[in-house]
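One structure is given here, and the rest of the page talks about it.
Just so it is clear, none of the values below were taken in a lab; they were calculated from the coordinates. It should be emphasised that the depicted structure is a prediction, and the values quoted were computed from it without experimental measurement. Virtual Cβ from ideal backbone geometry, glycine too; neighbours counted across all protein chains shown.
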Amino acid sequence: MSFYTKLVSGLMFPLHEKLKKHNTVAIKQSLEASQWWPRDKLIAQRNLRLQRFIQKVCEHIPYYRDTFAQLGLTPADIQSPADLTNLPFLDKQTIKDNFEQLKDPLATSLARFNTGGSSGEPLVFMLSNERVSHDVAEKWRATRWWNVDIGDKEIVAWGSPIELGAQDKVRLLRDKLFRSTLIPAFDMNEEKILAFIEHIRATRPAMLFGYPSVFDLIAKTANQHGIDMKNLGIKVAFVTSERLYPYQRENIQTTFGCPVANGYGGRDAGFIAHECPSGNMHLSFEDLIVEIIDPNGNPLPVGEKGEIVVTHMATSEFPFIRYRTGDIGALSDKQCDCGRTLPILESIEGRSTDFVIGADGTIMHGLSLIYILRDIQDIKTFKIIQHSVEETEVQLILKNAADLHDDMRHAIIAKFQQRLGEQVSINVHCVKDIPAEKSGKYRYVISKVTSA
Ligand SMILES: [Zn+2]
C-alpha cells in the first residue's frame, strides 16, 4: 500500500465520511469481521437485524403501518426471512403511488435519487445517510478482496449525463482527493476512445470501474491500434450495471492483463453481490435478504432461476422491502474456496443495453437514446430498435390519456437525429404491448447493427 493510499484510507476518507455524517468506517470494520463468521452466526445476527428493522419501519413509515394493520400483522410476526412472504412485494408502481407514505416523517437525511440505469421507466426514490453508508462500506469491503483500497487510483467509466452533471466542485475535489477520475462514456467515437486509452496509460490506475460494454469497447480499440495496455499495474476491473458476457470478460482480462470482478446491484436495490477472487458472487448478506420468485410471485428454492427480490435492511427511512428488481438469478448453496461464508448468487441476467451506431460511425451507449425518451412525461414505456445505420424504430406506450401528437413525434425525431445523424430515418409509433425477450428480460435498446 502506498503512503498516499494509507493516508486516504486511514485518515482523509474517514474524515470525509464523518463530515457527511456517514458511519461508513465503523460499518466497513464490522463487515470485514462478519464475512468470515460461521453461517449460523451470520443468520442469527441477520434475523435480529430484520426484527429491529421491521419494528422501526412499523413505527415510522405510514405505508407499512397501514399495510401491517390491513393484514392483521404485528412486527413480532416477522422473525426471519421466511416470514417476509406475508408482506406484499414492492414494485416501481407501488413506490410511485405511495411515495409520500413511504417516507419517515422524522427523517432528516433523505435525498432524492432516480435510477440511472437502462430500465425504461425511471424510478424516483429516497436514500438516507444510513443506506449510503452501507453502500460505500460494502463497495470498500469488496475492493479490498482484490487488494485495492480507497485512495488507490481509480478510473471510472460512466455513461449517465445525470452523473456527469453531478460533477460539481465538491465532487471534483472529492475525486481529486480520492484519486478517482471519470471517463464520460456517453457517446464515443474512435478519437475519444483513443484519448481515454491515453488517459488510462498516463494514469496507471489500480482499478477500473464501470460498464463492461465500455471497457470491452476500449479494449477492442486498443487492440485494433496495437496499443499495449497490459503492464499498467491495473489490479482489477470492476464491472457493474449491465450483464457481463463471457466474451467481454475474456477481452477485458486479456487486454488489460487483470482479472475482471463482476458486481451486481443498483442505486435502487443497493450493493447486492460482488465477485471474489475465487470467482463467486457473494451477497451483501449482512444488509440484504434476497428472495428468488417465479412469475406468479411464489418463492423458489435454492438453485432455481427466477426474479431477484431484495429487502435492504439499511433503508428504515424509506424502506425497500421485497423490492422486485426485474433481474433474473438463482441462489447457490455451494461453499466458496476463498473462505468467506457469505452466500452466493448465481447466473445473474441483468438488464442489457446495446450500443447503437451513428451514421458517421460514432458508437454510442444505448443510454444516450434512452434518456431522450425518459425525459418525456407522457411516455410510459418504450423500445428502440436500430434496424440499420439508416433506420431506427421507436415503439411507444403512452400514459392513459396521452396521444402521440405531432409535437412529441417531431421532438423525438429531432433529438434522435441529433445523435444518430440528420439523414437517419426515425420511425416513431405507438404499440399496444412490448413483450419481454425470451429470457424474461426487457431490453429497451436493441441494435441490429452492433449485435450483428
Ligand atoms: Zn469467495
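Observations on the model:
- Efficiency of FRET between E391 and Q70 - r from beta-carbon atoms, R0 60 angstrom, step 0.05: 0.70
- Signed unit charges on C-beta, dipole axis of segment 355-447, positive-most listed residue N427, M364, H410: M364
- Residues F382, F3 arranged by fewest to most Cβ contacts within 10 Å: F3, F382
- Semi-axis lengths (Å, descending) of the ellipsoid that matches the C-alpha gyration tensor of segment 288-406: 36, 21, 14
- Counting every other Cβ atom within 10 Å of each residue's Cβ, D149, D216, D66 order from fewest to most as D66, D149, D216.
- Once backbone amide H atoms are built at 1.01 Å from N, I183 has V156, A157, W158 as its partners under 5 Å, excluding neighbours fewer than 5 places away on the same chain.
- Evaluated over segment 182-308, the count of Lys pairs having alpha-carbon atoms less than 25 Å apart is 5 (only pairs 8 or more residues apart or interchain).
- By the helix-only formula, in which each DSSP H run with n ≥ 4 contributes -39500 (n - 2.57) and the sum is divided by residues, the chain has a 222 nm mean residue ellipticity of -10000 deg cm²/dmol.
- Ranked list, fewest to most other Cβ atoms within 10 Å of each Cβ, for H312, H225, H134: H225, H312, H134
- Take every Cα pair under 8 Å whose residues are at least 6 apart in sequence, average their separation, divide by the length of the chain, and the relative contact order is 15 percent.
- Under the criterion of Cα pairs below 8 Å and six or more residues apart, the relative contact order for segment 355-447 equals 35 percent.
- Counting DSSP beta bridges with both ends in segment 355-447, the antiparallel % (nearest 5): 55 percent
- Restricted to Cα atoms, segment 343-423 shows a radius of gyration and a Dmax of 15.1, 53 angstrom.
- DSSP H segments from the chain that extend 27 Å or more along their own axis, Cα-based, with Kyte-Doolittle mean of -1.0 or above: 39-60
- Cα pair distances of the chain binned at 20 Å [whole percent]: 23, 57, 19, 0
- Modelled FRET efficiency - R0 30 Å, A401 with A111, Cβ distances, 0.05 increments: 0.40
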